[in-house]
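Data first, discussion second: the structure below is written as structure tokens.
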Amino acid sequence: IREADVTVFVTDGQDELTSADRAAVQLLRQSKKPVIYAANKADSPSKDAEAFELYRLGVKKVHAVSALHGRGIGDLEAAIVDAIPPRPEPPPDDEK
């Protein structure tokens, strides 16, 4: 976590969160770094409601995805790219 620019937390959207999942969410919150939350196995829009148990923990945005079907992957990728902090500009050659 210390070395990451962005962390992606993926949970199984068809299963209840475990105590380890809850502890991981708390740890990630304490890191003060960007975290993208994804609930996998949201194979259809009807499965989305089942995938959002993370909202009960106060997570503001959960990406419902299906790795098997590719559903929601583009939105997840865009969220990751958007969360990556900009790299500092390198000093000009005359300051090296």
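The values are calculated or read from the model by the stated rules, or taken from the named source; none is laboratory data. Keep in mind the model is a prediction, meaning the values are calculated, not measured. No Cβ is skipped: glycine too gets one built from the backbone with ideal geometry, and neighbour counts run over all protein chains shown. Please note that ligands, DNA and RNA were not included when accessible areas were found on the heavy atoms of the full protein model with its side chains. Shrake-Rupley method; radii C 1.70, N 1.55, O 1.52, S 1.80 Å.
Ordering Phe9, Phe52 by accessible area with a probe of 1.4 Å, largest first, what comes out? Don't skip to the end; give the middle numbers.
Working: Phe9 20, Phe52 55 Å².
The most accessible residue leads, giving Phe52, Phe9.
Pick out, from Ile73, Thr7, Pro92, the residue whose Cα sits farthest towards the positive end of the charge dipole of the chain, with +1 on the Cβ of Lys and Arg and -1 on the Cβ of Asp and Glu.
The one lying farthest along the dipole's positive direction is Thr7.
Does anyone have the angle between helix 73-83 and the longest principal axis of the chain? Alpha-carbon axes, 0 to 90°, nearest 10?
Here the helix axis deviates by roughly 40 degrees.
Calculate the spin-label point distance for Ser31 paired with Asp12, positioning each point 7 Å from the Cα along the beta-carbon direction, and give it in nanometres.
2.2
Please give the peptides 19-25, 81-87, 61-67 ranked by average Cβ packing (other Cβ atoms within 10 Å per residue), highest first, as a rough proxy for protection. Display every interim value, and only then the final one.
Details: 19-25: 13.0, 81-87: 9.3, 61-67: 19.1.
Ranked from most to least packed, the peptides come out as 61-67, 19-25, 81-87.
Tally Lys and Arg at +1 and Asp and Glu at -1 over the other residues with C-beta under 11 Å from the C-beta of Val10: what net charge comes out? Please list the in-between numbers first.
On the way: positive: Lys41; negative: Asp12, Asp21.
My count for the surroundings of Val10 gives -1.
With charges only on Cβ, +1 for K and R and -1 for D and E, what is the dipole size of the chain about its Cα centre, in debye, rounded to 20? Walk me through the numbers on the way to the answer.
Values: 13 positive and 17 negative charges, 81 e Å.
Result for the chain is approximately 380 debye, rounded to the nearest 20.
On the protein heavy atoms, probe 1.4 angstrom, tell me the percent of accessible surface of the chain carried by carbon and sulfur.
Details: 3490 of 6640 Å².
Ligands and nucleic acids excluded, carbon and sulfur give 53 percent.
According to the square roots a ≥ b ≥ c of the eigenvalues of the Cα gyration tensor, what is the shape class of the range 1-90, taking rounded for a/c under 1.5, prolate for a/b larger than b/c otherwise, and oblate for the remainder?
On the way: a/c = 2.58, a/b = 1.37, b/c = 1.89.
Oblate, because a/c is 1.5 or more while a/b does not exceed b/c.
Counting only protein chains, not ligands or nucleic acids, how are Arg71, Arg56, Arg2 ordered by accessible area (probe 1.4 Å), most first? List each step's numbers first, then the result.
Details: Arg71 65, Arg56 190, Arg2 215 Å².
Final ranking, largest accessible area leading: Arg2, Arg56, Arg71.
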